[in-house]
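Every read-out reported here was derived from the displayed coordinates using simple, explicitly stated rules and does not represent laboratory data. Fair warning: this is a prediction, and the values are worked out from it, not measured in the lab. When we count neighbours, we look across all protein chains shown, and the Cβ atoms used for this are built from the backbone with ideal geometry, even at glycine.
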Amino acid sequence: MAESAAILSPQKTVLMPELSAQCPMAAMITPESLRKEKEKHPDAAVVCYVNTSAAVKAQSDICCTSANAIKVVNSLDEDEVIFVPDRNLASYVAGHTEKKIIPWNGYCPTHELILPGDILLEKEDHPDAEILVHPECRPEVVELADKVLSTSGMLKYASQSGSREFIIGTELGLIHRLNLENPDKIFITATRYAVCPNMKMNTLGSIIRALENNEHVIKVPESTRVKAKKALDMMLDVGRGD
Ligand code: SF4
């Protein structure tokens, strides 16, 4: 994410308080391995989730988020799409497109911890609750959901829905914001184990230290930045049609 900010706004200073707070899923693909996959499928377009390195974005045709992945894939002229790095998001998109999706075998270790049994157990205790899950969850979990939504989609949906109770299948931290924004509603986490240790490395203390010491400045090499920006701009163009 820090790299994406630096790609889009090279004139601004982007700081990363904790250098090790990187997404493990993004580390599951390298530009070299993607290059080899492209050689195997020369007619396929490459769609990369925003949780990827700048170097992988630079090798991709277009980026996507969990909110716009289906729209991005369906906007392409190509009939085949190499979708990286999340196999679960790829599987969800594959169910909503005519295109052939070639998934990369990456996954979010945190969302992978949410199991169908967790959802079913909570549903037993809360039969009226709506089940909202993130598309990074396993397909077996996605199948149980009333709604499959991005993080921003869950926030919006929960505030607008007439339901009072929700079972939430995503990283635990979102529950705090859902509670803050909807004090009259009840949010139940699918499992208390769905915690991303990498995201939690960023603390108020490390943010203050980063601001005081101007550390760690994130810069993307210009040749990579220009190519990666093209993939991000393509995604933003798809969104402008809304
Ligand atoms: S929850 Fe953690 S591992 Fe999963 S996509 Fe987000 S940053 Fe990456």
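Applying the condition of being surrounded by 12 or more Cβ atoms within 10 Å (Cβ to Cβ) and of a type in the set (Asp, Glu) to the stretch 204-236 and asking which residue is farthest from the chain's Cα centre (by Cα) yields 215. Just so you know, in the stretch 106-151 the residues that are within 17 Å of residue 51 (Cβ to Cβ) and of a type in the set (Asp, Glu) include one that is nearest to the chain's Cα centre (by Cα), and it is 136.
Is there a residue in the stretch 20-29 that is more than 19 Å from the chain's Cα centre (by Cα) and under 23 Å from residue 233 (Cα atoms)?
Checked against the condition, which is being more than 19 Å from the chain's Cα centre (by Cα) and under 23 Å from residue 233 (Cα atoms), the stretch 20-29 yields no hits at all.
Do the conditions hold for residue 1, that is, is it more than 19 Å from residue 87 (Cβ to Cβ) and out of contact with any helix residue (DSSP H, G or I) (no Cβ under 6 Å at 6 or more places or on another chain)? Yes: the conditions hold for residue 1.
For the stretch 85-92, the condition holds for no residue, the condition being that it is farther than 16 Å from residue 107 by Cβ, under 16 Å from the mean Cα position of the chain (by Cα), assigned to a loop (DSSP other than H, G, I, E, B) and within 16 Å of the ligand (Cβ to nearest atom). Among residues of the stretch 178-210 being among the hydrophobic types (A, V, I, L, M, F, W, C) and in a helix (DSSP H, G or I), the one that is farthest from the ligand (Cβ to nearest atom) is 208. Filtering the stretch 93-114 to residues that are away from the ligand (no atom under 16 Å from the Cβ) and either surrounded by fewer than 18 Cβ atoms within 10 Å (Cβ to Cβ) or not in a helix (DSSP H, G or I) (or both) leaves 95, 96, 97, 98, 99, 100, 101, 102. Take residue 132 and decide whether it is assigned to a strand (DSSP E or B), in contact with a helix residue (DSSP H, G or I) (Cβ under 8 Å, 6 or more places away or on another chain) and farther than 30 Å from residue 6 by Cβ. Against the criterion (assigned to a strand (DSSP E or B), in contact with a helix residue (DSSP H, G or I) (Cβ under 8 Å, 6 or more places away or on another chain) and farther than 30 Å from residue 6 by Cβ), residue 132 qualifies. The set of residues in the stretch 163-177 being outside any loop (DSSP other than H, G, I, E, B) and either away from the ligand (no atom under 15 Å from the Cβ) or under 19 Å from residue 145 (Cβ atoms) (or both) consists of 165, 166, 167, 168, 169, 174, 175. Does the stretch 173-189 hold any residues that are touching a Ser or Thr at 6+ places or on another chain (Cβ under 8 Å), touching a residue at least 24 places away in the same chain (Cβ under 8 Å) and surrounded by 15 or more Cβ atoms within 10 Å (Cβ to Cβ), and which are they? Scanning the stretch 173-189 gives 182, 185.
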